[in-house]
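For reference, the structure I am asking about is given below.
The values are calculated or read from the model by the stated rules, or taken from the named source; none is laboratory data. Bear in mind the structure is a predicted one, so any value in this text is a computation, not a measurement. No Cβ is skipped: glycine too gets one built from the backbone with ideal geometry, and neighbour counts run over all protein chains shown. These area figures cover heavy atoms from the full protein model, side chains too; ligands, DNA and RNA do not enter into them. Shrake-Rupley method; radii C 1.70, N 1.55, O 1.52, S 1.80 Å.
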Amino acid sequence: MPDLLLELRSEEIPARMQRKAAGDLRKMLTDGLVEAGLTYEAAREYWTPRRLTLDIRGLTARSKDIREEIKGPSTTAPEQAVQGFLRKAGLSSIADAHVHSDPKKGDFYVAHISKPGRAAEEIIAELVPGMVKNFPWPKSMRWGPASAKPGALRWVRPLQSIVCTFGPETEEPVVVDFEIDGIRAGNITYGHRFHAPGAITVRRFDDYVSKLEAAKVVLDADRRKEIILADARNVAFANGLDLVEDEGLLEEVSGLVEWPVVLMGEFEQDFLTIPSEVIRLTIRANQKCFVTRPQATSEELSNRFILTANIEAKDGGREIAYGNGKVVRSRLSDALYFWRTDQGDLPDLEQLKEPAAKFDLNLKKPLDQRMARLDHLNVTFHAKLGTQGQRVARIKRLAEELAPIVGADSALVARASVLAKADLQTEVVGEFPELQGAMGRKYALLQGEHPSVAAAAEEHYKPQGPSDRVPTDPVSVAVALADKLDMLTGFWAIDEKPTGSKDPFALRRAALGVVRILIENRIRLALTSVFAKAFANFKGGAGQSSDLLAFFHDRLKVYLRDQGARHDLIDAVITPRSDDLLQIVRRVEALGSLLDTEEGKNLLAGTKRAANILAAEEKKKTLVAETVEPALFREEAEKKLNAAVNQAEKEAGQAIKNEDFSAAMLALSVLREPVDSFFEGVLVNDEDQAVRANRLALLARIRTAIDQVADFSKIVG
């Protein structure tokens, strides 16, 4: 079977676009080949900074001949219908159609379509130019004299050459001939820009890879990553250091080089007074380099960094390392200035007295000054939701309400609330927004804040995703809940809710954060009451509580399903008024435990049978007695079931009041035997209307008793 090799070589493709672009190339071409009637055994994409490559194995040499019949209208159909049929079948005249007869439907037109198969080369030559011209780059450009013409080729960077060969392994492959805006496909590629810039003639993928390797190009991005990681670890270890690994940076660096050469640079020890997070981000963001740490420590960094060059320099890379070191020193000088500036006094202290009084801030402390400035500058949080200062005031009020519920010290919660957003006005966070929270914690500790207050500055943003940890310190918990609930109620009040896949303010993540904080810390919280307090800060939000609660129910369902809970058990427990998420979880756990037992499974079956009989009779408007009358019992099974229901309902109700849901389920499980005996020995639809109504009332009692803990009708099984 023939193989296809396609390479699109260009100027440097941004690293962040390479992996997706290679995947898009594979999908677009293989989809087109299959749609054209070809099949293939395997396809794999490759990429470097300067090329996207596709290796397709076992591609059929020719598409199959196609013969099909297209059924048309009756021979007596109006002209409009006939013309529509001709267009659909691609016929120029009705004389080209055949007439078929049917005993029932009469005569009708049929088009016999015959399409001969096409050579794969012809199909490829037709597909690739259209694919290239319509490639889904996030950003693309035009270049050269042709760029002024309408419809000129657009590519992420100027496209320079195309390789396209096709043929079986046992024969010389052919060049698939096509042209895209003056660039003709061939069998010529080029190696490393500096080490091997000359032309290379290639035949098929295997020799293409080996010739590129000889020309200092490692085609496989994952192999480049392995080389960089292994060499970086070895270089670090040889210098008594450990590499601080970074998968995201590794992915990016592998997209910056075709021939990775790992080197080590250094900077002055004095810069290590800067927090390690700032050093790491400075070097990562500006120079795409890895940092290292001494082997004996787990937190402190060393003054050595690892860089990845794209060439093998004659001097062993000394000048490259030195040049990178100069840039790193310059960047770290800026970072050191930011770090020191943030610990000093602001120049406009006189203007900050009013906000300082409002939030009870101490203007002798740097972080307090930054919070005062945040309020003084009226930094907007959202046009309809006011400033950051107003938001901090709301968070503080709500956090203080939550403090006793989560077991936090109210004074510490108040202090943590007013300092939580202060680092937004620091120089370091201005330069590296991803450090918000982390820098707040460091600055809070530097000015002598309580450890819980400092922790809350960082942890109130958590969890920021399903894999992020939740805060456990009560002060952090109170501020984190207040922060997220203020955001949710605020956006609900102005009707800026998530729609479909759009969630620009990450409200789903905020709600899931609340869910996780409450459940994983085992906190009981009546959300409806909290919503009322939070909505009081906004106009027109009070009526949104039920809708917001439903939103939380959806997030809780997602969370519980991810934890392995059955969706039907969740639906059986949740009601529109359920506002204690931890209680819902406990009910689901208890219900799941019950249904894992034989008693539970049989009780579910018996309960559903009772519910079905009741529903059917209620639909027929059969009389159901309002209360159960023991005097009308005729069978022993009725008496036993009635006594069991009375006992189970009483015990389950008491257990629910005690919030012991396992005990409530256990109380109901004893109904299994009397329910089974009832259905085995008692005819519900007795001829005596009074007896029948009484027995139906007894079934209704079963349903009422069970409904105390769950709606069994929603359980599958």
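Can you tell me how many residues in region 490-516 are over 19 Å from the mean Cα position of the chain (by Cα) and either surrounded by 20 or more Cβ atoms within 10 Å (Cβ to Cβ) or aromatic (Phe, Trp, Tyr) (or both)?
The number of residues fulfilling the criteria is 4.
While we're on this one: Whether any residue in region 130-150 is part of a loop (DSSP other than H, G, I, E, B) and on the phi > 0 side of the Ramachandran plot is what I want to check.
yes
Of the numbered conditions (1) within 22 Å of THR380 (Cα to Cα); (2) free of Cβ contacts under 8 Å to residues at least 12 places away in the same chain; (3) open to solvent by less than 40 Å² (accessible area, probe 1.4 Å), ALA536 satisfies every one except a single condition; which is it?
Only one criterion in (1) within 22 Å of THR380 (Cα to Cα); (2) free of Cβ contacts under 8 Å to residues at least 12 places away in the same chain; (3) open to solvent by less than 40 Å² (accessible area, probe 1.4 Å) is unmet by ALA536, namely (3).
Here's another thing I want to ask about it. Consider THR189 carefully, then state whether it is in a loop (DSSP other than H, G, I, E, B) and either open to solvent by less than 70 Å² (accessible area, probe 1.4 Å) or β-branched (Val, Ile, Thr) (or both).
No: the conditions fail for THR189.
Could you please find all residues in region 282-300 being surrounded by fewer than 22 Cβ atoms within 10 Å (Cβ to Cβ) and part of a loop (DSSP other than H, G, I, E, B)?
Matches in region 282-300: LYS288, GLN295, ALA296, THR297, SER298, GLU299, GLU300.
Do you know which of the residues in region 389-412 that are part of a helix (DSSP H, G or I) and of a type in the set (Gly, Ala, Ser) is farthest from PRO355 (Cα to Cα)?
The selected residue is ALA403.
Starting from residues that are over 16 Å from ALA648 (Cα atoms) and in contact with a Lys or Arg (Cβ under 7 Å, 6 or more places away or on another chain), keep the ones in region 603-613 and report whichever is most open to solvent (accessible area, probe 1.4 Å).
ALA611
Listed here are the residues, each with its yes/no results for (1) under 12 Å from ILE706 (Cα atoms); (2) touching a Lys or Arg at 6+ places or on another chain (Cβ under 8 Å); (3) open to solvent by 20 Å² or more (accessible area, probe 1.4 Å).
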residue: VAL628; (1), (2), (3): no, yes, yes
residue: PHE633; (1), (2), (3): no, yes, yes
residue: GLU636; (1), (2), (3): no, no, yes
residue: LYS639; (1), (2), (3): no, no, yes
residue: VAL645; (1), (2), (3): yes, yes, no
residue: LYS650; (1), (2), (3): yes, no, yes
residue: PHE661; (1), (2), (3): no, yes, no
residue: LEU666; (1), (2), (3): yes, no, yes
residue: LEU671; (1), (2), (3): yes, no, no
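Which of the residues that make up region 465-486 are open to solvent by less than 40 Å² (accessible area, probe 1.4 Å) and in a helix (DSSP H, G or I)?
VAL475, SER476, VAL477, ALA478, VAL479, ALA480, LEU481, ALA482, ASP483, LYS484, LEU485, ASP486
Give me the pairs, please: first residue somewhere in region 190-211 and under 20 Å from PRO168 (Cβ atoms), second residue anywhere and modelled with pLDDT of 95 or more and surrounded by fewer than 13 Cβ atoms within 10 Å (Cβ to Cβ), beta-carbon distance under 6 Å, and either six or more positions apart or on two chains.
none
Residues that are over 32 Å from the mean Cα position of the chain (by Cα), open to solvent by 10 Å² or more (accessible area, probe 1.4 Å) and under 18 Å from ASP473 (Cβ atoms): does region 431-440 have at least one?
Scanning region 431-440 turns up no residue that is over 32 Å from the mean Cα position of the chain (by Cα), open to solvent by 10 Å² or more (accessible area, probe 1.4 Å) and under 18 Å from ASP473 (Cβ atoms).
Kindly indicate whether VAL684 is assigned to a loop (DSSP other than H, G, I, E, B) and open to solvent by less than 50 Å² (accessible area, probe 1.4 Å).
Yes.
A further question on this structure: Does any residue of region 590-597 turn out to be touching a Ser or Thr at 6+ places or on another chain (Cβ under 8 Å), without any contact (Cβ under 8 Å) to a residue 60 or more places away in the chain and in a loop (DSSP other than H, G, I, E, B)?
no
Just checking, how many residues over region 424-439 are part of a helix (DSSP H, G or I) and closer than 27 Å to ILE523 by Cβ?
1
Next up: Among the residues of region 451-464, is there at least one that is closer than 29 Å to LEU363 by Cβ and surrounded by fewer than 16 Cβ atoms within 10 Å (Cβ to Cβ)?
yes
Counting residues that are touching a Gly at 6+ places or on another chain (Cβ under 6 Å) and open to solvent by less than 20 Å² (accessible area, probe 1.4 Å), which strands (runs of 3 or more DSSP E) fully inside region 192-281 reach at least 1?
Because the criterion is at least 1 residues that are touching a Gly at 6+ places or on another chain (Cβ under 6 Å) and open to solvent by less than 20 Å² (accessible area, probe 1.4 Å), the strands (runs of 3 or more DSSP E) in region 192-281 that meet it are 261-266.
So which residues in region 301-318 are open to solvent by 50 Å² or more (accessible area, probe 1.4 Å), within 21 Å of LEU332 (Cβ to Cβ) and not in a strand (DSSP E or B), if there are any at all?
Listed by number, the list holds a single entry, ARG318.
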